[in-house]
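The values are calculated or read from the model by the stated rules, or taken from the named source; none is laboratory data. Everything numeric in this text was worked out from a predicted model, so none of it was measured. As a convention, Cβ positions derive from the backbone with ideal geometry for all residues, glycine included, and neighbour counts pool all protein chains shown.
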Amino acid sequence: MVSELGGAQMSTLLESLPGIANVLRSPVADALVGLIRAGAGIGDFSVEDAEEMVRYATRRGLLDPEEGERVLDDVHQVQKTKSSRGSKKTKAAKTSRSAKAAPTRKK
């Protein structure tokens, strides 16, 4: 049976095994770093990071579950819009490239 480690147990583990902190890094910490980098414009936004942060905030009582769902719905809607715009741009770019690549005949 898997159980979560408490704060004191985690501190003891981290002190007794140097370097394990790098291996056991929290998914919340990874998500926070990813979102900070995306906010600063030096990284890409990840829906998974947003989902992890909303789950964390909901577990800690920082967000109501309904508010967390609304935020994630907004994120998913924006990502869906961006992906459809991106696919249209990709399709347009391929079309323009193929038009440029096709030889034109002079009469």
If I ask for residues that are surrounded by fewer than 16 Cβ atoms within 10 Å (Cβ to Cβ) and either in contact with a Pro (Cβ under 6 Å, 6 or more places away or on another chain) or farther than 19 Å from D73 by Cα (or both), which ones from the range 45-60 would you list? R60
Since V54 meets every condition but one in (1) under 14 Å from the mean Cα position of the chain (by Cα); (2) at pLDDT below 95; (3) part of a helix (DSSP H, G or I), which condition does it not meet? (2)
For the range 51-71, which residues satisfy the criterion of being of a type in the set (A, V, I, L, M, F, W, C) and under 14 Å from P27 (Cβ atoms)? M53, V54, A57
Right, S11: polar (S, T, N, Q), surrounded by 10 or more Cβ atoms within 10 Å (Cβ to Cβ), farther than 30 Å from S83 by Cα and modelled with pLDDT under 95 or not? yes
Any hit, the range 70-78, residues being modelled with pLDDT of 60 or more, more than 16 Å from the chain's Cα centre (by Cα) and assigned to a helix (DSSP H, G or I): yes
